[in-house]
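Undergrad: For reference, the structure I am asking about is given below.
Derivation of every value follows stated rules applied to the coordinates shown; laboratory data play no part. If you're wondering where the values come from, they're calculated on a predicted model, not measured in any experiment. When we count neighbours, we look across all protein chains shown, and the Cβ atoms used for this are built from the backbone with ideal geometry, even at glycine.
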Amino acid sequence: MQPVRLIFLLCLCCLLQAAPARAQAIRDEGVIATDPPEAYAGSAACKACHQAQYDHWSGTLKARFVRYRKDVGALPGKWGKSPVAADKDKVFVVVGLHRKVAFVDADWRVLGAEYLLGKGKWKERPGWARSDYRSKCGMCHLTGCNPYEKRFTEPGVGCEACHGPGKRHAESEAPSDITTPGRDGSPALDTCRRCHNDRNNHAEAIRSFTGPYHPAR
Ligand code: HEC
Ligand code: HEC
Ligand code: HEC
Ligand code: HEC
């Protein structure tokens, strides 16, 4: 084989390998809050000035899939047959709405089984039973989450999970005090990939994502 062609093939192989590896590296990073909780305003605070984006976001699963027990009517799942039936009264947070549901107790311990809504069945997840929800799941499920310090500012994926801490901006109204994915030097998709990979539920939406995220007004 000619050397030029060999080099070309080698480069092609590297590129094909590098793309998924890079996506995975971004995802492994997660969204980790390095700023203190006081730097965050919460999605409700953004509503006053950004009604359109707020209305769009409120309609997405991101805003609703992590709920406190007190805000949920009847608990999803047939608890009589559940491997975690003994912990039913301890449920403090309910995670998931459409496909499967995980349960978290008041000590932020994830219960060791999930309920598959479609099949109406429980699936044991022994690995989860030893997990602190804030440390193991928070980077993708909570806003302003620091998994090492086990803290967060808002349940679910709020505005500031993508835009970064916004307290200062909410007071100054200066565009320079807030970041926007896609306008901060890296592609918007890099922000998405911090939580989404190419395999799970909304993978197709991520693969075909070219923006904008908020529908054009
Ligand atoms: C008191 C009003 C006010 C509040 C509260 C507020 N903003 Fe803004 N925001 C503005 C104004 C004014 C602008 C600049 C004009 C525009 O682009 O609409 C702006 C611009 C932005 C931009 C675009 C920045 C750019 O580079 O163009 C983003 C993103 C944004 N805000 C996000 C948020 C988020 C997230 C929150 C909640 C944490 C928030 N804002 C709270 C007034 C506000
Ligand atoms: C790297 C990011 C990431 C981590 C870490 C993560 N998740 Fe998720 N999770 C997602 C994303 C993205 C979705 C939605 C799309 C999908 O299914 O992949 C999701 C969806 C879910 C759902 C289903 C929601 C529904 O409405 O059907 C459950 C339940 C869930 N995760 C539980 C957990 C638990 C429990 C942990 C921690 C032990 C965890 N996840 C850790 C990113 C993550
Ligand atoms: C902080 C983590 C995180 C980031 C960043 C993130 N997502 Fe998600 N997203 C989630 C989780 C978790 C769900 C799943 C909720 C469920 O399935 O119940 C989700 C759901 C979705 C859905 C399903 C529809 C819905 O109603 O929410 C789409 C589409 C989606 N994300 C696209 C994107 C795009 C595009 C980006 C980047 C601009 C992005 N996501 C960034 C965590 C994230
Ligand atoms: C999943 C990530 C994500 C979440 C969550 C999110 N945004 Fe955005 N936002 C973006 C992206 C990406 C852009 C760049 C323009 C676009 O793609 O729509 C943007 C743009 C904006 C802008 C600039 C004006 C515009 O539409 O271009 C404002 C203002 C804004 N977002 C406010 C909010 C507010 C308020 C919330 C919460 C109610 C929120 N965003 C939640 C990703 C997100």
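Undergrad: Could you please rank Phe65, Phe103, placing first whichever residue has the fewest other Cβ atoms within 10 Å of its Cβ?
TA: Arranged by neighbour count, lowest to highest, Phe65, Phe103 become Phe65, Phe103.
Undergrad: On to the next question. Could you work out which residue, out of Lys100, Lys88, Lys70, moves most in a Gaussian network model of the chain, that is, has the largest mean-square fluctuation with Cα springs under 10 Å?
TA: Fluctuation is largest for Lys70.
Undergrad: Sorted by mean Cβ packing within 10 Å, highest first, what order do the peptides 80-87, 107-114 take?
TA: 107-114, 80-87
Undergrad: Give the long-range amide H neighbours of Arg151: residues separated by 5 or more places, or on another chain, with amide H under 5 Å away, using H modelled in the peptide plane at 1.01 Å from N.
TA: Placed amide hydrogens put Asn146 under 5 Å from Arg151.
Undergrad: Run lengths n ≥ 4 of DSSP H only: what is the helix-derived mean residue ellipticity at 222 nm for the chain, with -39500 (n - 2.57) per run over all residues, to the nearest 500?
TA: When only DSSP H runs of four or more count, the value is -9000 deg cm²/dmol.
Undergrad: Here is a follow-up. Give, in nm to one decimal, the length gained when the segment between Arg69 and Glu149 is fully stretched (0.36 nm per residue of separation minus the Cα-Cα distance).
TA: 26.5 nm
Undergrad: Over all Cα pairs of the range 105-211, how is the pair count split among 10 Å bins, expressed in % and running from 0 up to the last occupied bin?
TA: 13, 32, 35, 16, 4
Undergrad: I'd like to compare 118-131, 35-48: which one has the highest average count of other Cβ atoms within 10 Å, and what's the full order after that?
TA: Order by mean packing, descending: 35-48, 118-131.
Undergrad: Give the distance, in whole Å, between the Cα centre of the range 171-208 and the Cα centre of the range 116-166.
TA: Cα centres, the range 171-208 to the range 116-166: 18 Å.
Undergrad: Arrange the peptides 153-161, 55-63 so that the one whose residues have, on average, the most other Cβ atoms within 10 Å appears first.
TA: So the order, starting with the most tightly packed, is 153-161, 55-63.
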